[in-house]
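Working notes for the structure below.
What follows is calculated from the coordinates using simple rules that are stated; it is not laboratory data. Computed from a predicted structure; not experimentally measured. In this analysis, Cβ positions are derived from the backbone assuming ideal geometry, glycine residues included, and neighbour counts consider all displayed protein chains.
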Amino acid sequence: MDKTRQPNNIGFLRLVFASGVILTHAHEQWGQGPAGRDLLQTMTGNGLTVAALCVDAFFLISGYLIVQSIRHSNDVGSYFAKRVLRIYPGFLVAFLLSALLVPMLYDRLPDLGQVWRAAILQRPEPFAIGAIMIEPNSPMWTISYEFRCYVLVALLATFGQLDQRALLLKATAIAFALFCICNIPGVYWRVEQFRFDPLIDMTVGAPYPALRFLSAFGLGGCAYLYRAELEALTGRLAAVAGALALAALFYRPIAQPAAMLGGGLLLHWAAFRANFGALQRINDRFDISYGTYLYGFPLGILWSFAALPFPFYVAATLTSAWAMGALSWTLVERPAQRWKERLTRKASAIA
């Protein structure tokens, strides 16, 4: 898709996916039993959650937009500056608030040593309340994998590999094939539990999520590189692909790979081809999706102390997360975005 045809529904879809992550965690945080399982878990009984698919969708969208971003950047340095200014300020504020304030909900002072030891772009460290480990902000763990994908794109651009789209498609296919293998029964648990040595783990992450997110991000990036070919994708074909992915959700070994492929085609059509009418304006220029994602989990912890009925608990968590997303955009992300725009203009003037 060229510059004259910007995506219409990206902002709305990202807000939907951020809200979907909150819905899954709301079930987990509010209680056990039927309320402890989200809709997808209840339907399929195989442990796959709405949140997992929503995060995969985030990476599919991100792959498309980040490859587009570096292709429209003057150099790798300006690309990195834009990416850091987009995700790091909001992340840092949410990280500190979660690490410092969530322990206080349990009448505990935060362990400042733990806060400083927690690596940047990692989630705050859990702490124990009796025999229970409390996560201050569980979804934050995905941000480090997002940033690793940014680094990989920069390396590919530096060595001129982003112009080799057939090669990148093959590399993505290999990563995706490895991810499919990792989902085979008997292989999954071994790979999912495996961890590299600390230095390697800090660099590339754990093998299962690394392959998972690399596959989704790579498919999104290839969608950008092959965007002209995807113009042939019709709503009918996208619906068939989505229906096949939905059917595959009931068999866990192929559920996520099918969602990335079939669901990814449906997502591409919904993001760039569908006419959502007035919904297209939701979260378009006033982007609360990132803040919603960052604050949904700690706000779920906060509202769990109110002992609300589950529907009211979900409503309170969602609306307060949207409100915090708006505050994050207004007070943190948008000011950083202005620096990013100034940087882009300055780089263009120099060029």
By the mean-Cβ-within-10 Å protection proxy, highest first, 287-298, 256-267, 192-203 rank as 287-298, 256-267, 192-203
Note, segment 73-81: 3J(HN,Hα) by Karplus (6.51, -1.76, 1.60, θ = phi - 60°), whole Hz, Gly/Pro = x, goes 8, 6, 7, 5, x, 5, 4, 4, 4
Segment 272-300 and segment 221-254 have their Cα centres apart by a whole-number Å value of 22 Å
Whole-Hz Karplus couplings 3J(HN,Hα) for segment 269-277, θ = phi - 60° and coefficients 6.51, -1.76, 1.60, Gly and Pro as x, run 5, 5, 6, 10, 10, 6, 9, 8, x
Row for segment 126-211, column shape: gyration tensor on C-alpha, a ≥ b ≥ c, rounded if a/c < 1.5 i.e. under 1.5, prolate if a/b over b/c, else oblate; value oblate
A student applying the Cα gyration tensor rule (rounded when a/c is under 1.5; otherwise prolate if a/b is larger than b/c, oblate if not) would label the chain rounded
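How would you rank Tyr88, Tyr251, Tyr79, going from fewest to most other Cβ atoms within 10 Å of each one's own Cβ?
Numbers: Tyr88 16, Tyr251 11, Tyr79 21.
Ascending number of Cβ neighbours within 10 Å: Tyr251, Tyr88, Tyr79.
Rounded, prolate or oblate: pick one for segment 45-154, where a ≥ b ≥ c are the square roots of the eigenvalues of its C-alpha gyration tensor, a/c under 1.5 means rounded, and failing that, prolate if a/b is larger than b/c, else oblate. Walk me through the intermediate numbers first.
Values: a/c = 3.31, a/b = 1.61, b/c = 2.05.
Oblate shape, in that a/c is at least 1.5 and b/c is the bigger or equal ratio.
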Least to most buried among Cys180, Cys149, by other C-beta atoms within 10 Å and fewest first, runs Cys180, Cys149
